[in-house]
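A.B. asks: One structure, pasted below without further comment.
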Ligand code: GAL
């Protein structure tokens, strides 16, 4: 692509051919230069087993090509045709409770099914052979959102596959028995054939078994993705292959994107704002930062978002005027090489007919269409940012496997919630105008060394190696901030030897003698003692912090208490601590604070990290930098109802209005501005 990408999912098979010409003409009017085609077209491409019909797709691609529009060609393997399921009902996945899902929707796939794997490879090969070197082809879009709506399958074929996966992982049964702690409740296995997937059990199921099954399910889907990718690399050399992720922890929770990010030629992500969340731009920013991070900071592509209503949410709330552009350009600010939508033209039939589109049911005489055309021009004007990278100020450690482990049954409190903590810390950093990268707990030393501040919101499962990694980061001079119930278990969900938090005890300079989960609705107050960092101005300035859900009896071993519990089960004891370790500092927060109450804690840790506060920037005015060979770009997204004045490091040219910008940029309410600094 020579510009940023602009376009969306294009499903011409839902429309008579006469509509296609109008589609291409309107795409050109809107500045569309890339569309995703054929994602759900298997039944149209192979109406009967072995009989292929490419004529219609040839014509669609030629029309697009003649219009100068590039194609992200789908492999339609997320929905095998009805004839396939009739011949292979066993390829429909089975739930944990033993219910086999039915055809009639999408994404019902047993990833261990040999019949599915073979049929998917056949259709992928046929597409690769036919279109692999087509000049309109910009990339391959494999499958659709692995993991959504279902990833795990508990059928007999999956069970056998799981056993062979385990045999490869553990080698010997003894190793598996040790890893799963099967001495507990008499679960020891004497033969591989005795092992089953963790199907519904009368009471809590073995957590290590469940965790391994979650890993296995991801690996099975990944193997299928790789099979398609390898075919396409062979048949279509040089054309990037990707699959659309859903990295937002609100939208997919079964895929370990740290693993998948390394498997795609370009990270592609789908994101849908949660319409009823007043500040849903924070969730959007988090998803965009995660998308960039799972690719290691490389530019990525927003492959789907919505122009307005999202049909699968409880209420299809329409976006306000300007909201779509703010959403789209916020993704671009955070590294996306364009803005793509689901979908081009609103469907007349099927489950998603009330989902918004670039071309709504109302047609071109509509607000949405006018905003789409305007956005197309903005995206075109932003061509110079292509290839630049978003500059981050700090990093958050997030780990999908730890999340899976933490949310299994019978944890010390049902209110512990990895996702909620990740979102709260992210929001608190967002409100401090800190741009964040995400990193895995085992990130390389050099990668971590680039961040003055590393925040660990919830890392229940922390391998010994990850613990050592974080310790070294601090010893090297970094500032680490760890939230409660982190560092507790190893990769098999077994508690680390010694007192909690085993993997992080040394770096934090303390011991958690006792967990003190709070009763539902119970609150505790955290008091800053004399001489501790004062609470900066802000809501409730000077008053104690309030925690809920969780408290701990802490015994310091080198760390100093900075806030102590004023009441509650750990009254008088340390609540938030600071530990000098090597050349760096490690903070620990032992209760659940709201994003607002986290602010003074982050302020104190940021002071250690040398991150200056941005009191010059109003709340909900997003300022993000992209930098690279083509220049330094400052994106300002004003989510507020008032004009914002944002200081610039130096003058520059605003790309959307082509106006000069001096030291202070005025951004109207609801608007976006992008300045290329001189
Ligand atoms: C995505 C999916 C699209 C469409 C969209 C609607 O998750 O990939 O095909 O269903 O949601 O929001």
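Rule-based calculations on the coordinates, nothing more; no lab input. Everything quoted here is computed from the prediction, not taken from an experiment. Ideal geometry is used to build each Cβ from the backbone, glycine not excepted, and the neighbour counts take in all protein chains shown.
A.B. asks: Tell me, what does the Kirkwood hydrodynamic radius of the chain come to in angstroms if you use every pair of distinct C-alpha atoms? Mind dumping the intermediate values first?
C.D. replies: Details: mean 1/r = 0.0376 Å⁻¹.
About 26.6 Å for the chain.
A.B. asks: Could you tell me the extents of segment 157-207's C-alpha atoms along the three principal axes, largest first, rounded to whole Å?
C.D. replies: Answer, in whole Å and largest first: 28, 24, 16 Å.
A.B. asks: Sort 671-677, 302-308 by packing, meaning the average of other beta carbons within 10 Å per residue, with the highest value first.
C.D. replies: Put in order of decreasing packing, that is 302-308, 671-677.
A.B. asks: So what's the gap between the Cα centers of segment 617-678 and segment 295-345, to the nearest angstrom?
C.D. replies: So the separation of the two Cα centres works out to 20 Å.
A.B. asks: Between residue 513 and residue 659, what is the label-point separation in nm under the 7 Å Cα-to-beta-carbon projection?
C.D. replies: Result: 6.3 nm between the two label points.
A.B. asks: Given contacts defined as C-alpha pairs under 8 Å and at least six residues apart, what's the relative contact order of the chain, whole-number percent?
C.D. replies: 10 percent
A.B. asks: Once R0 is set to 35 Å, what does the formula 1/(1 + (r/R0)^6) return for the Cβ-Cβ distance between residue 649 and residue 446, expressed as a FRET efficiency to the nearest 0.05?
C.D. replies: Values: r = 27 Å, r/R0 = 0.76.
Here the calculated transfer efficiency is 0.85.
A.B. asks: Moving on to the next point. Would you mind giving the three semi-axes, in whole Å and largest first, of the ellipsoid equivalent to segment 328-410 according to its Cα gyration tensor?
C.D. replies: So the equivalent ellipsoid measures 33, 25, 8 Å along its semi-axes.
A.B. asks: Return 639, 281 ranked ascending by Cβ neighbour count within 10 Å, so the fewest neighbours appear first.
C.D. replies: The order, fewest Cβ neighbours first, is 281, 639.
A.B. asks: Remind me, what semi-axes does segment 621-677 give for its equivalent ellipsoid, largest first in whole Å, using sqrt of 5 times each Cα gyration tensor eigenvalue?
C.D. replies: Taking √(5λ) for each eigenvalue gives 18, 11, 10 Å, largest first.
A.B. asks: For the chain, what is the mean residue ellipticity at 222 nm derived from helices alone (per DSSP H run of n ≥ 4: -39500 (n - 2.57); sum divided by total residues; nearest 500 deg cm²/dmol)?
C.D. replies: -9500 deg cm²/dmol
A.B. asks: Turning to a different aspect of this structure: So how far, in whole Å, is the C-alpha centre of segment 205-256 from the one of segment 352-383?
C.D. replies: Computed from Cα coordinates, the inter-centre distance equals 32 Å.
A.B. asks: Moving to a separate point now. Between residue 28 and residue 199, what's the calculated FRET efficiency when r is the beta-carbon distance and R0 is 56 Å? Round to 0.05. List each step's numbers first, then the result.
C.D. replies: On the way: r = 53 Å, r/R0 = 0.95.
Computed FRET efficiency for residue 28 and residue 199: 0.55.
A.B. asks: Could you sort 361-368, 282-289 so that the peptide with the highest average Cβ count within 10 Å comes first and the rest follow in order?
C.D. replies: Order by mean packing, descending: 282-289, 361-368.
A.B. asks: Sticking with this structure for a sec: Given the Cα-Cα distance of residue 49 and residue 527 and 0.36 nm per residue of separation, how much length would full extension add, in nm?
C.D. replies: 165.1 nm
A.B. asks: Still on this structure: Provide the packing ranking of 521-527, 420-426, 156-162, i.e. peptides ordered by the mean count of other C-beta atoms within 10 Å per residue, highest first.
C.D. replies: Per-residue Cβ counts within 10 Å, averaged per peptide and sorted highest first, yield 420-426, 156-162, 521-527.
A.B. asks: Further question: Please check which bits of segment 78-114 a label hung off residue 129 would reach, taking the label as a point 7 Å along Cα-to-C-beta and the cut-off as backbone N under 17 Å.
C.D. replies: Label zone hits: none.
A.B. asks: Arrange the following residues from fewest to most other Cβ atoms within 10 Å of their Cβ: 515, 485.
C.D. replies: Final ranking by Cβ density, sparse to dense: 515, 485.
A.B. asks: I'm a student and want to see the number: the projected area of the Cα convex hull of segment 394-609, averaged over all directions, in nm².
C.D. replies: 10.5 nm²
A.B. asks: Using only alpha carbon pairs under 8 Å that are at least six residues apart, calculate the relative contact order of segment 394-609 and give it in whole percent.
C.D. replies: Over segment 394-609, the number comes to 21 percent.
A.B. asks: Using 0.36 nm times the number of residues separating residue 520 and residue 377, minus their current alpha carbon distance, what extension gain do you get?
C.D. replies: Working: separation 143, 0.36 × 143 = 51.48 nm, distance 5.14 nm.
Between residue 520 and residue 377, full extension yields an extra 46.3 nm.
A.B. asks: A further question on this structure: Given 0.36 nm per residue, what is the gain on full extension from residue 571 to residue 553 after removing their alpha carbon distance, in nm?
C.D. replies: Values: separation 18, 0.36 × 18 = 6.48 nm, distance 0.88 nm.
Full-extension gain reported as 5.6 nm.
A.B. asks: log₁₀ I(q)/I(0) of segment 539-583 at q = 0.16, 0.32 Å⁻¹, via Debye over equal Cα point scatterers, no solvent, to two decimals?
C.D. replies: Log-scaled intensity ratios, in q order: -0.49, -1.21.
A.B. asks: Using the count of nearby Cβ atoms within 10 Å as a rough guide to exposure, how do 340, 27 rank from fewest to most?
C.D. replies: Exposure proxy ranking, most exposed first: 27, 340.
A.B. asks: Which semi-axis lengths, in whole Å and largest first, follow from the square roots of five times the eigenvalues of the Cα gyration tensor of segment 84-220?
C.D. replies: 34, 17, 13
A.B. asks: What's the FRET efficiency of residue 184 with residue 580 using the Cβ-Cβ distance as r and R₀ = 41 Å, to the nearest 0.05?
C.D. replies: Details: r = 40 Å, r/R0 = 0.96.
According to the calculation, E is roughly 0.55.
A.B. asks: Can you give the relative contact order of segment 426-530 as a percent, counting alpha carbon pairs under 8 Å and 6+ residues apart?
C.D. replies: Working: 119 pairs, mean separation 22.3, N = 105.
Normalised by residue count, the contact order of segment 426-530 is 21 percent.
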